[in-house]
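Written below as C-alpha cells is the structure these notes are about.
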Amino acid sequence: MNTIELTPEEKLSRIFRALSTPARVRILATIGNGEACVCHLEATLDLRQAYISQQLMEMRDADLVDTRRDGRYIFYRLTEPRLLDLLVAVGQLFGLPTQEIETLVNSDPLPHCCCPDCVAQLNPSLISQEAISSQK
C-alpha cells in the first residue's frame with residue numbers, strides 16, 4: 001500500500017476536520033483522560049452504536065484516538081490527552097467559559113453500561129466473585 005506523506009497544512013486540516021462535529025467533540029470529551037468502549041459512549045451520549053463507531057473511525061483515521069482490545073470489547077483513548085487542553089484553549093480564545101467546556105469531560109461510568117470496565121467500577125464484588133468462581 002502506498003503511503004502518501006501529508007504536508008503540515010494537510011495534517012492540520014485533517015485534525016480540524018476530525019473535530020468538526022459536535023458529536024465528535026462530545027465523544028472526545030467523554031473519553032477524557034481515560035478510555036471508553038462504544039457501549040459506554042452509547043449509554044453516556046444517547047447516540048446509536050453505528051453512528052458512534054463511524055465517528056470514532058474518522059477520529060482514528062486522523063490519529064486522534066487509539067484502541068485497546070479486551071475480549072470482545074474495544075476501548076478507545078485519546079492518542080494525545082492534551083487534546084482536551086486544546087479544546088479548552090480554543091473555547092477560551094473565542095470567549096466560551098472554561099467551566100462550560102470542562103463540564104463536558106465526563107469520566108463517571110453509567111449503571112446501564114454493560115462493559116466489563118463499567119461493571120467492575122460499579123460493583124467490584126461482582127468481579128471478585130467471578131474470579132473466585134473461575135478458579136474452582
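The values are calculated or read from the model by the stated rules, or taken from the named source; none is laboratory data. Note that the structure is a prediction, hence the values are computed from the model and not measured. Positions of Cβ are backbone-derived with ideal geometry, glycine not excepted, and every protein chain shown enters the neighbour counts. When the accessible area is computed, the model is the full protein with side chains, heavy atoms only, and any ligands, DNA or RNA have been set aside. Shrake-Rupley method; radii C 1.70, N 1.55, O 1.52, S 1.80 Å.
Here are a few things to note about the model shown:
- Restricting the range 71-80 to residues that are at pLDDT below 90 and out of contact with any strand residue (DSSP E or B) (no Cβ under 6 Å at 6 or more places or on another chain), the residue that is nearest to Leu41 (Cα to Cα): Arg72
- Residue among Arg60, Arg68 that alone is touching a strand residue (DSSP E or B) at 6+ places or on another chain (Cβ under 6 Å), over 22 Å from Glu100 (Cβ atoms) and open to solvent by 60 Å² or more (accessible area, probe 1.4 Å): Arg68
- On the stretch given as the range 96-106, residues that are farther than 11 Å from Leu28 by Cα, open to solvent by 60 Å² or more (accessible area, probe 1.4 Å) and of a type outside the set (Asp, Glu) total 4.
- Of the set (1) closer than 18 Å to Ser20 by Cα; (2) under 16 Å from the mean Cα position of the chain (by Cα), all apply to Arg69 but (1).
- Taking the criterion of being surrounded by 16 or more Cβ atoms within 10 Å (Cβ to Cβ) and either part of a strand (DSSP E or B) or out of contact with any helix residue (DSSP H, G or I) (no Cβ under 8 Å at 6 or more places or on another chain) (or both), the only residue of the range 78-95 that qualifies is Leu78.
- For Asn33, the conditions (1) over 18 Å from Glu80 (Cα atoms); (2) in contact (Cβ under 8 Å) with a residue 24 or more places away in the chain; (3) not in a helix (DSSP H, G or I); (4) not small (Gly, Ala, Ser) are fulfilled apart from (1).
- Filter result for Arg14 (farther than 18 Å from Cys115 by Cα, open to solvent by 40 Å² or more (accessible area, probe 1.4 Å) and within 10 Å of the chain's Cα centre (by Cα)): no
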